[in-house]
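The values are calculated or read from the model by the stated rules, or taken from the named source; none is laboratory data. Everything numeric here is computed off the predicted structure, so don't read it as measured data. Glycine also receives a Cβ, built like all others from the backbone with ideal geometry; neighbour counts cover every protein chain displayed.
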Amino acid sequence: MKYKLIAAACLAGVASLAQAQNSVTLYGALDTSLAYFSNQKGTDGQSGRTFEMMSGNMSPNNFGLKGNEDLGGGLSAIFKLESGFNIDNGKQGQGGRLFGRQAWVGLDSTQYGSVTLGRQYDPLIDLIQPLTNDGAFGSTFATPGDMDNYDNSYRTDNSVKYTSPNLSGLQMSAMYAFGGQAGATGSGQTYAIAAAYNNGPFGFGAGYFHANSNGTSGTFDGLNPNASFANDSDAITGGFVTANSLQIIRAAGDYVFGPFTVGIAYSNVEYDNYAGPSASDNNTHFNTGQFFMNYQLTPAALLGVGYNYTKGDGNGVDAIYNQVSLGADYFLSKRTDLYALAGYQHASGQTISGETGEIVAATASFADFGNDSSSNSQKMFMVGIRHHF
């Protein structure tokens, strides 16, 4: 009985602390599916059809704590700690980091905006991604290999980010991440800026992102050749993770009319000075155009279709990826939904192999699932369930 009283007192203390902090929320998402891929390259040299469980398709599996403390005068202290994991086997994501998805603290002013410090999403994720179809259907509509971070596969460490208040639909954000290498201020640094306007049925945004590597790692996950999570597809982006710098330019817009939402997007991704077939400084860029249309069939049912065209050029690369994506989502409640996703990708031309660094024929790898094909085409279909808490 004594221990029960002590436990009750501790819980009461935690509750009082949470109340004193004004707001602390536990949140998360659980998402898994049964999936089929028409052609997948195996690790044992074999390849063929694959039936498997696939985790985090519509939403990443995660849990976290977020909160704020009212400091008065429109100023609040804010924080977020978010951990990612694979629901199919329980393993932690983002290279086994405890809070690999987000870990930051800062101040927010209703008049001047917010400043946050830690491991964070960049401004393009915050302001451009909501104008794409990633929020509705997740990974299935992502750029091949997620090279432009369409599906927020990558975060930035050691970063300071400013986000302006929302001014009648207009919002801006800028970020800088410290490389932290003695005598080389720019080594491993990352910086980005973005702006978006959302007011009524129309939304538009654009942003610029630049990351440097110090040769073995950087503040940006996508330029870390020693990390298992540095690329979502060895076939598409694996040959470029050794780059000394990465540049991303993104723009997107959407328009809502009645039950329909249509959107277009463009991205330019440039990899500089990577270990490739040339002895000189290697440079390759990818341009992507995207279109999507969603139809709200009923208040509980959403249908979507999208098309993605990606063209790579430079240093022997001459690759094209055509991708069609389909999605259907049905909400059983506000927090639980059932979904079906499908798609097809066809690759042509040539690119740089993530295994050998040599010029090879381009192979397909649908969206950013990482199930690289052994041929130039791949089909995908999955049905799953998602629950938010």
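Number of residues in the range 307-342 that are farther than 30 Å from Pro277 by Cα, buried (at least 21 other Cβ atoms within 10 Å of the Cβ) and aliphatic (A, V, I, L, M) equals 1. Which residues, taken from the range 122-170, are more than 27 Å from Leu297 (Cα to Cα), in contact (Cβ under 8 Å) with a residue 12 or more places away in the chain and out of contact with any strand residue (DSSP E or B) (no Cβ under 7 Å at 6 or more places or on another chain)? Matches in the range 122-170: Ile125, Gly145, Asp146, Asn152, Ser153.
Residue-by-condition table, conditions (1) in a strand (DSSP E or B); (2) farther than 14 Å from Tyr321 by Cβ:
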| site | (1), (2) |
| --- | --- |
| Gln345 | yes, no |
| Gly349 | yes, no |
| Thr356 | no, yes |
| Thr363 | no, no |
| Ser375 | no, no |
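Taking the criterion of being in contact with an Asp or Glu (Cβ under 8 Å, 6 or more places away or on another chain), hydroxyl-bearing (Ser, Thr, Tyr) and within 28 Å of Ile320 (Cα to Cα), would at least one residue in the range 134-145 satisfy it? Yes, because at least one residue in the range 134-145 is in contact with an Asp or Glu (Cβ under 8 Å, 6 or more places away or on another chain), hydroxyl-bearing (Ser, Thr, Tyr) and within 28 Å of Ile320 (Cα to Cα). Within the range 365-380, if we keep just the residues that are under 21 Å from the mean Cα position of the chain (by Cα) and not polar (S, T, N, Q), the residue that is surrounded by the fewest Cβ atoms within 10 Å (Cβ to Cβ) turns out to be Gly370.
Right, Leu5: more than 26 Å from Gly370 (Cα to Cα), at pLDDT below 95 and either buried (at least 18 other Cβ atoms within 10 Å of the Cβ) or out of contact with any Pro (no Cβ under 8 Å at 6 or more places or on another chain) (or both) or not?
yes
If you go through the range 163-177 and pick out every residue that is within 20 Å of Leu117 (Cβ to Cβ) and either modelled with pLDDT under 95 or more than 24 Å from the chain's Cα centre (by Cα) (or both), you end up with 0.
Scanning the range 322-363 for residues that are acidic (Asp, Glu) and modelled with pLDDT under 95 yields Glu355, Glu358.
How many of the residues making up the range 41-86 are outside any strand (DSSP E or B) and surrounded by 17 or more Cβ atoms within 10 Å (Cβ to Cβ)? Result for the range 41-86: 6.
Being part of a helix (DSSP H, G or I) and more than 12 Å from the chain's Cα centre (by Cα) is a property that Gly95 has. When Ala196 is tested against the conditions (1) at pLDDT 90 or above; (2) over 18 Å from Arg155 (Cα atoms); (3) surrounded by fewer than 24 Cβ atoms within 10 Å (Cβ to Cβ), the lone failure is (3).
Can you confirm whether the range 104-111 contains a residue that is farther than 22 Å from Ala174 by Cα and part of a loop (DSSP other than H, G, I, E, B)? Within the range 104-111 (the criterion being farther than 22 Å from Ala174 by Cα and part of a loop (DSSP other than H, G, I, E, B)), the answer is no, since none of the residues qualifies.
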